[in-house]
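A quick write-up on the structure given underneath.
The values are calculated or read from the model by the stated rules, or taken from the named source; none is laboratory data. Being a predicted model, the structure only gives us computed values, none of them experimental. Quick reminder, even Gly has a Cβ in these numbers, built from the backbone with ideal geometry, and neighbours come from all protein chains shown. Accessible surface areas use protein heavy atoms only, side chains included; no ligands, DNA or RNA. Shrake-Rupley method; radii C 1.70, N 1.55, O 1.52, S 1.80 Å.
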Amino acid sequence: MAITHAQEQAFNAASGGIDISVLSWICIGGLLATLFVWAAWVLIDVWQGWSNEKVRNKALIHFAVKIVLLLLFSIWMFAS
């Protein structure tokens, strides 16, 4: 649903002149950055568990596949 010219003017006035598309890219970038930082943090944690033999190989592979699918799905849905 497209916004009307009056809605766009009201948004620009309230946001201090920031364009709607810029705000959209900032939100998408923030989401993807958060997901990648979270994935790296959890991957390090799982890797440490695997290296200490507290996590099985199957669980490590399962986790890696889930993370890759989550990141690919998020990029496909939000950044395309």
Q) So which pairs qualify, if the first residue must be in segment 26-50 and farther than 12 Å from I75 by Cα, the second must be open to solvent by 50 Å² or more (accessible area, probe 1.4 Å) and β-branched (V, I, T), the Cβ gap must be under 9 Å, and the two must be at least 6 apart or on different chains? A) I26/I18; A39/V68
Q. Taking W41 and the conditions (1) at pLDDT below 95; (2) in a helix (DSSP H, G or I), which numbered condition does it fall short on, given that it satisfies the others?
A. (1)
(Q) It is to be established whether one or more residues within segment 35-49 are over 23 Å from the mean Cα position of the chain (by Cα) and not charged (D, E, K, R). (A) yes
Q: Test each condition in (1) open to solvent by 80 Å² or more (accessible area, probe 1.4 Å); (2) part of a helix (DSSP H, G or I) for A59 and report the one that comes out false.
A: (1)
(Q) Exactly one condition in (1) surrounded by 13 or more Cβ atoms within 10 Å (Cβ to Cβ); (2) at pLDDT below 90 is false for S15; which is it? (A) (1)
